[in-house]
Structures are given as structure tokens and as C-alpha cells.
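What follows is a set of notes on a single structure, which appears directly below.
The values are calculated or read from the model by the stated rules, or taken from the named source; none is laboratory data. Not measured: the values here are computed from a predicted model. Cβ atoms come from the backbone with ideal geometry, glycine included; neighbour counts cover every protein chain shown. In case anyone asks, the SASA skips ligands and DNA or RNA and just uses the protein heavy atoms, side chains included. Shrake-Rupley method; radii C 1.70, N 1.55, O 1.52, S 1.80 Å.
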Amino acid sequence: FGFRLLGFRLFCRSAVRTGNRMSSASKRAVTLVVLGSLLGAVGFNLSRSAPQEDMERERGALKRVILEADSFSEKKGQPPHYEAYRAENGEKQLIGFCFTTTDVAPEERGYAGPIRIMVGMDLEGTITGIEILHHTETPSYVRELRAPWFIGQFRGKRIGDAFRVGEDVDGITRATVTSEAVARAVRKSARKAARRWLGLQVEEEGRGSSKVGVYLLGALLTVSVVGFLRGDRRLRVLSLGGGLLFLGFLKSSPVSMVNLASILSLKLPLFSYNVFWYLLVGFAILSAFLLGRVYCGWVCPFGAAVELLNRVRLRKLRISERVDRKAKYIKYFILWALLIASLLLNNVNVSHYEPFSPLFNRSGGLLMGVFLIVVLGSELFVPRFWCRYLCAVGASLGLISRVSLWRVRAREACGSCIRCVALCPMGAREKGSDGWLRVDPSECIGCDERIRDCPQRILIVGTRGRSGTVQKS
């Protein structure tokens, strides 16, 4: 581990030094190499043949989903299924069917991809049992997905039941998307199977995302955009407070690297059942193209939490410009490494490293808990420590923000005052030798410090003005 840590340190140092010395043409070449590796990983991921089903796991689950069966047929038919038999008077009697949801209803997806479930059903259209065979959901959020209390409540349900989470079945706390995906997959596949093999007719029901949750999220995002454009500090407090309470502690759904990896690997949840997910992630990405890192500075629940810690009156550590500049490369390395790993391994959960779950979901294990304590402790001494050096989501939105239309800019050369440079929590501002104040769009989170701390009103949000990557000497 020590050699690996030393090697990583040397790699980062050499990369930073090389980056400072490279010409613009060389930097473009490196950018093409990085983009090429990402595209190559995407192509490799998409070209991979579908993994072979674990037949032993399926065969082992058959007896557990239909307890009364003595024997089962081989997997056969279209869609593939098993027939369950029980011996009566020396003869085998058909008593039901077993099938996986991904074979019968492959369109149903969870938060991070399909959830493969073995379902048992008798000849009356009653569910005899289910078992979760495989999933790619974030483990710290769905640790009870295989718990007896969760899968056991589906036993005895009839195909005509609604399977509504919160009404007919209990969902997993702070894993509503996954709970609903399991209920939908069982319901839809069981109804298809009943129509196909039993001749039973059941009307399908549609049930989309919670309208209340979507409306509240829409209101929160609207407040953040209006507040950003107006530079209203009160709206920012309202927006961050709503993000912390609603997106953090209530919904436990901040934008994470798993979301970005899911988009890049095309493992997207169904839109009709996940409008909330698409609205939140879509806002974070689209707003970066239009306004810069508005999500980071105005909505992110973890950003709101660390900003509260930044208000604690402790002596802040003064990070040298040289160290600060080099340390900011860490989040870009994390972004690149996690995306490549998740694509090559075909598992978006590889990219789950943020300490969000122990803070908002009170889960994640000891290691994640220690990581959270270290991060929050660092925030007491270095403002926005996580956002500046470790947040890969912020790094990705920062790359997009470099081409944003409306962002924080300096509209004219400033005077002798450099107050806003010293107070910027992200270190995104610098006064150049030509007298112009430069704002790095990849680091700026658009906080309310931009106008309140500029007595000459030089900092504005607009399409004209001076902005660019901060190059400190």
C-alpha cells in the first residue's frame, strides 16, 4: 500500500508539472487521449456480450420460491421459464411456474440497472415467493433488499394486486426508487406470465413518479436559478436549506458519480417512473451548460452541509497557491479513474465513493463513516475542502461550465481592491497583471460572495466580460 501511495503521489506530481510546461497543442493531445480512453471504454462496455446467467444460482432459488415443488423442468419456452412439479399418486403434477423478471419484463430497471428476481407463481396466479438473484444498486442504500421482511411480503400476492409501495408493500427506507422497481418488475412479469401460460387476463396499471416530490423539486430548482441570476442571498439560503433537508435528509438523493456513470454506460432508469431522477440530474448537467456550477453552489445537499461547517469560527488553514493549484487536479483524476473502472467492469457501483450515505442515510459501514468524519473535519479548517479537491461530480460539472453561456465574469478592469479574491471559498478568482479580475469557470460555484464582496460591482452574471482559467504563479 505504501509503494502504491508513493507511486500515486509521484504520478500526480509529474502530471501537474507536465501540465504546467505543456504547450496548448500538447494539452489538446492529452485531452484527446483521455477522451479516447473514455470512448474506448464505452465501446468496450457496449460491445461486450451479455454475461451468462448464473444457472446454479437460478436452480438453487427454485425450491425457495415454490416450497411445495418436488422437481423442476429445465429452463425452456419463450420467455424462458421453469415448470414446477409435485409428486401425487406416483405422477408428477404441474403446480406452477418459476421465471426471472429480466427474462419476462426486461424493460423494468432499478436506480442503477436491471434487478434480476426469481419469481414463483402457482396455477391460480398467486405469487409463492421471490428471491433477488442479482442487482447493481448502491449496496449502502439497499442493504435490506434481500432481507426476509422485504421479499417475504410478496408471498401470497395475487397478480391482480396493485403492488404499490407504501400501500400494498413496504418500501426500503430512503431506497424508494429501488423498492418501486422491484414491485413493478414482479407485478409486470407475473401478469405477463399469467396471460401467457395460464390464460388469465389482468389490466396493466401505470404509476409514475410521486407528483408531490417532482413539484417540490421543481420549486427548489426554480428558486436556485432565480436566486443565482438575481444574486439574492436570501434565496440562496432558502435554496441550500431546501437542498439539505429535502434532497439530503428526506430523499437522500444528491447527484453522485453513480448517476454520471449510469448515463455514460446507458444504464438509465425508466423515465415514466423516475421523473424526479431525470429532473434532478438533467438540471445539474443542463444548468452547467447554461449557468455554470449552479447545482454545486445552490442545490447540492452535501455542499450545504459543508458550508454550514465553514461558518464555524475556527482558525482556517492557509493553503499555498502552489499546493492549492496542484491539489485541485485530484478530483479530475478521481473522475477519470471511476468512469473508466465502471465502464470496463460494467458496474456503475464501482464509482460510488462519496460519503453521502453515512450522512444522509446513516449507512455505508465503518470505512465510509471514517471517511465522512475526515472530510467534515477538514471542512472546519479548509473551506469547501471536499468541493475543491475531492468531488468528481463537481469536476465533471466544472468541465462543462467552461463553455457555459451565463456565468460569473468581470465586466471591466478592477482597482486595487482584491477582497473578493481572498474570500472566494473555491479559490476561483485572480487579479491578473493587466488589472482584470479573472474567474475560473471550472471552479466557480456562483455563490453570493461575487456581488456582495465587490464594492465596485465589477463581478456580474452575464455573457460578456473577462473569465478564464486561473493561472497562479
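Computed with a 1.4 Å probe over protein heavy atoms only, the accessible surface of segment 207-360 comes to 45 Å² per residue.
Remark: segment 161-204 is approximated by an ellipsoid whose semi-axes, taken from the C-alpha gyration tensor as √(5λ), come to 24, 10, 6 Å, largest first.
Net charge in the neighbourhood of residue 71 (other residues with Cβ under 10 Å of its Cβ; Lys, Arg +1, Asp, Glu -1) is +1. Within the full protein context, the accessible area of residue 267 is estimated at about 30 Å² for a probe radius of 1.4 Å. Per-residue surface analysis assigns residue 322 an accessible area of about 130 Å², computed on protein heavy atoms at 1.4 Å probe radius. Carbon and sulfur atoms: what percent of the 1.4 Å accessible area of segment 266-338 do they account for? Reported share for carbon and sulfur atoms: 70 percent. Per residue, the convex hull spanned by the Cα atoms of segment 230-325 amounts to 155 cubic angstrom.
The HN-Hα couplings worked out from phi for segment 224-232 by the Karplus form 6.51 cos²θ - 1.76 cosθ + 1.60 (θ = phi - 60°) are 5, 5, 4, x, 5, 5, 8, x, 8 Hz, whole numbers, x standing for Gly and Pro. Here the Kirkwood formula, the inverse mean of 1/r across different C-alpha pairs, assigns segment 55-150 a hydrodynamic radius of 14.2 Å.
State, to one decimal in nm², a quarter of the convex hull surface area for the C-alpha atoms of segment 314-376, i.e. the direction-averaged projected area. About 5.8 nm², averaged over all directions.
With 10 Å bins beginning at zero, the pair-distance distribution over Cα atoms of segment 262-376 amounts to 11, 28, 45, 14, 3 %.
For the residue pairs 267/326; 76/267; 211/251; 211/331; 76/192, alpha carbon separations beyond 24 Å are given by 267/326; 76/267; 211/331. Summing charges over neighbours of residue 88, with a neighbour being any other residue whose Cβ is under 13 Å away from its Cβ, gives -1 when K and R count +1 and D and E count -1. Note on segment 158-288: semi-axes of the ellipsoid equivalent to its C-alpha gyration tensor, largest first and rounded to whole Å, are 36, 15, 12. Summing +1 for each Lys or Arg and -1 for each Asp or Glu among the other residues whose beta-carbon sits under 11 angstrom from that of residue 135 gives +2.
Roll a 1.4 angstrom probe over the protein heavy atoms and tell me the percent of accessible area of segment 47-161 that is carbon or sulfur. About 50 percent, which is the carbon plus sulfur part of the accessible surface. Between residue 157 and 127, the built amide H atoms are under 5 Å apart, and every one of these is 5 or more places off in sequence or on another chain.
For segment 123-227, the Kirkwood hydrodynamic radius comes to 15.6 Å, computed from all pairs of different C-alpha atoms. Averaged per residue, segment 74-115 has 45 square angstrom of accessible surface, using a 1.4 angstrom probe with ligands and nucleic acids left out.
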